[in-house]
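Asks: Sharing a structure below in structure tokens format, with a few things to ask.
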Amino acid sequence: QVQLVESGGGLVQPGGSLRLSCAASGIDFSINAMGWYRQGLGKQRDWVASITTSDRTSYAASVKGRFSISRDKFKNTVYLQMNGLKPEDTAVYYCNIAPVPYDTWGQGTQVTVSS
């Protein structure tokens, strides 16, 4: 059974940093790429970043150069380091497999960027 637990969100000022974590169970990291997604208030859920089984990373244009995805395959955990945060990064952040996520989602973690 797939279970995804995101954490690490919070309130941060513009220009600040946060590191999100996602503990994934029921997902085989050796055969699945993992991704981060986000959903702003009243908006659709969008892809943010992903990392392949060979640790190749890719990013949405809006976060490239500011965010960094990584993973620990021994802990079945994926991370998202977010630097240079902007108000438009405010959203609930979720992890899931990539590029086509499971229908099962975690509760997400809220990131709010505001002064």
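Asks: Quick check, is Ser30 of a type outside the set (Phe, Trp, Tyr) and surrounded by 13 or more Cβ atoms within 10 Å (Cβ to Cβ)?
Replies: Details: of a type outside the set (Phe, Trp, Tyr): yes; surrounded by 13 or more Cβ atoms within 10 Å (Cβ to Cβ): no.
Judged against the criteria, Ser30 is not a match.
Asks: Residues Leu80, Leu85: which one is of a type outside the set (Ser, Thr, Tyr) and under 14 Å from Ser7 (Cβ atoms)? Working first, answer last.
Replies: Values: Leu85 fails: under 14 Å from Ser7 (Cβ atoms).
Going through Leu80, Leu85 in turn, just one is of a type outside the set (Ser, Thr, Tyr) and under 14 Å from Ser7 (Cβ atoms): Leu80.
Asks: Sticking with this structure for a sec: Pick out the one residue from Ser17, Ser7, Ser50, Ser58 that is open to solvent by 40 Å² or more (accessible area, probe 1.4 Å) and either over 16 Å from Gln110 (Cα atoms) or at pLDDT below 95 (or both).
Replies: Working: Ser17 fails: either over 16 Å from Gln110 (Cα atoms) or at pLDDT below 95 (or both); Ser7 fails: either over 16 Å from Gln110 (Cα atoms) or at pLDDT below 95 (or both); Ser50 fails: open to solvent by 40 Å² or more (accessible area, probe 1.4 Å).
Criteria check complete, one pass: Ser58.
Matching residues to (1) in a loop (DSSP other than H, G, I, E, B); (2) surrounded by 15 or more Cβ atoms within 10 Å (Cβ to Cβ); (3) basic (Lys, Arg):
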position: Ser21; (1), (2), (3): no, yes, no
position: Leu41; (1), (2), (3): yes, no, no
position: Ser68; (1), (2), (3): no, yes, no
position: Glu88; (1), (2), (3): no, no, no
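Asks: Run Thr109 past the list (1) within 11 Å of the chain's Cα centre (by Cα); (2) closer than 19 Å to Val12 by Cα; (3) of a type in the set (S, T, N, Q); (4) open to solvent by 40 Å² or more (accessible area, probe 1.4 Å) and report the number of the one that doesn't hold.
Replies: The number of the failed condition is (4).
Asks: Exactly one of these conditions fails for Cys95: (1) more than 16 Å from Gly35 (Cβ to Cβ); (2) open to solvent by less than 20 Å² (accessible area, probe 1.4 Å). Give me its number.
Replies: The failed condition is (1).
The values are calculated or read from the model by the stated rules, or taken from the named source; none is laboratory data. For clarity, every value in this text was computed on a predicted model and none was experimentally measured. Positions of Cβ are generated from backbone atoms using ideal geometry, with glycine treated the same way; all protein chains shown enter the neighbour counts. The accessibility values were calculated without ligands, DNA or RNA, using every heavy atom of the protein model including side chains. Shrake-Rupley method; radii C 1.70, N 1.55, O 1.52, S 1.80 Å.
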